[in-house]
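Worksheet: the structure to be examined is printed underneath.
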Amino acid sequence: MPQQPVRIIGAGIGGLTLGRCLLKHGVPAVLYERMPSTPRHSYGVTLHASSYMPLLDILGLDELTFRRRTAVDGSLGGNGNIESTSMVYPGNLISTSFRAHREKLEKLLSEGLDVQWEHSLEKVEETPSGVALYLRNGQKVESSCVVGADGPHSNIRKSLSPNTPFGILPYVAFNGKRWVKRAVFDSIYAPAFKESNVIEMKIYDLVLNISVNEQQADVVSVSWIFSRPARGSTDPLHKPNRPVSGATDIPEEFFDEVAALSGLSQPFKEVLMQKN
Ligand SMILES: Cc1cc2nc3c(=O)[nH]c(=O)nc-3n(C[C@H](O)[C@H](O)[C@H](O)COP(=O)(O)OP(=O)(O)OC[C@H]3O[C@@H](n4cnc5c(N)ncnc54)[C@H](O)[C@@H]3O)c2cc1C
């Protein structure tokens, strides 16, 4: 009898990595992903050797090829360099840490996998022989082996373990992404970035981060992160009970706090003070 495939819910970094590990060992798998295959996650993530080195054998790639194929500046011949002097906590980095473009990484991981894009899992029910997966398109899939890799708001977790609490750390974190005209990048951003793809600064307990996602001849895509510990229950920026749909709202108090910051240097000022 042919081996039943492992059903993996979610084709993010976790689900895809599991899929590739199973493929390497000859175990069939089908991944169900609620989003379309493109566009996906056009931004950089920092990868450390401890996470990507074990992957190389699974992917059948050497380190240089892996970095060239996934680095944010790989198409320009770069390897995702991060200068430790540009970081607030350089001790977290080792010399082989680099900036990978998440979409390129996920595309590489998905090679050879059976990913059912735009297949959203609605709920899971336990059956005598395993579980039944109910997809939003009306499909029902019975399986004896399912792995939930569907992220923090997992429907697998909500269905099978509804009382498992969802931990929220007492931190404020906002992030955004924008395209910057080449002339603006060259005059305001490039002098601070030098050879790095990420820069950071700290103002008291606030850590600010800007990273390059992608460079084109006329424009450069950059991401920014604003993060600090929550300042008690009256902190207007800390909203642990906001609905998921509110995740894209940036309240006015955010811009008030940015405007009141002293010592905000370029390009942090430029990227944070724009409202759209
Ligand atoms: C802006 C940003 C920057 C980051 N920077 C870094 C970094 O520098 N370094 C680092 O290591 N990490 C970084 N991370 C975190 C990293 O992206 C996550 O740790 C990682 O993606 C977690 O992988 P995952 O597969 O568990 O979940 P996810 O990547 O969230 O994947 C879950 C997948 O499941 C799908 N899904 C959800 N619900 C369903 C459903 N009902 N049916 C079907 N599919 C579903 C989702 O669409 C998604 O594709 C960053 C994250 C963000 C958002």
Violations at 28 Å Cα threshold for listed pairs K107/K239; K239/K269; K107/K177; K158/K239; K104/K158 -> K107/K239; K104/K158
Unit-weight point scatterers at every alpha-carbon of region 84-144, Debye formula, q = 0.13, 0.20, 0.21, 0.23 1/Å: log10 I(q)/I(0) is -0.64, -0.86, -0.90, -0.99
Here, A190 and D205, labelled 7 Å along Cα→Cβ, have an inter-label distance in nm of 3.9 nm
Longest principal axis of the chain (C-alpha) makes with the long axis of helix 49-59 (C-alpha) an angle, in degrees to the nearest 10, of 40 degrees
A 1.4 Å probe over the protein heavy atoms gives the chain a carbon and sulfur accessible-area percentage of 54 percent
If amide H atoms are modeled at 1.01 Å from N in the peptide plane, then the residues at a separation of 5 or more from N213, or on another chain, having amide H under 5 Å from its own are S221, V222, S223
Cα convex hull volume per residue for the chain, in Å³, equals 156 Å³
The FRET efficiency for S265 and S227, from their Cβ-Cβ distance with R0 = 25 Å and rounded to 0.05, is 0.90
Under the 7 Å Cα-to-Cβ spin-label approximation, D114 and S51 lie apart by a distance in nanometres of 2.9 nm
Expressed in nanometres to one decimal, the distance between label points 7 Å along Cα→Cβ at Q216 and E63 is 3.4 nm
Nearest-0.05 FRET efficiency for S84 and A183 at R0 = 25 Å, using Cβ-Cβ distance, is 0.30
Rounded to whole Å, √(5λ) for the Cα gyration tensor eigenvalues of region 171-272, largest first, gives 27, 16, 11
Rounded to the angstrom and largest first, Cα extents along the principal axes for region 45-115 equal 41, 25, 21
Rounded to the nearest 500, the 222 nm mean residue ellipticity computed for the chain from DSSP H runs (n ≥ 4, each -39500 (n - 2.57)) alone is -6000 deg cm²/dmol
Of the convex hull drawn through the C-alpha atoms of region 1-126, the volume per residue in Å³ is 140 Å³
In region 183-242, the chymotrypsin sites (Phe, Trp or Tyr not before Pro) that sit in a DSSP loop and have at most 10 other Cβ atoms within 10 Å of their own Cβ are Y204
GNM on the chain, Cα springs under 10 Å; top mean-square fluctuation among N79, N197, N241 goes to N241
Residue-normalised value, i.e. accessible area per residue, for region 171-272 at 1.4 Å probe, in Å², stands at 53 Å²
For region 89-186, the convex hull over Cα atoms projects on average to an area in nm² of 11.8 nm²
The extension gain from N163 to V27, computed as 0.36 nm times the residue separation minus the Cα-Cα distance, is 45.7 nm
When the chain is treated as a Gaussian network with springs between alpha carbons less than 10 Å apart, the largest mean-square fluctuation among A29, A190, A260 is found at A260
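The values are calculated or read from the model by the stated rules, or taken from the named source; none is laboratory data. Note that this is a predicted model, so its numbers are computed, not measured. A quick note on method: Cβ atoms are made from the backbone with ideal geometry, for glycine too, and the neighbour counts reach across all protein chains shown. Note: areas computed on protein heavy atoms with side chains; ligands, DNA, RNA excluded. Shrake-Rupley method; radii C 1.70, N 1.55, O 1.52, S 1.80 Å.
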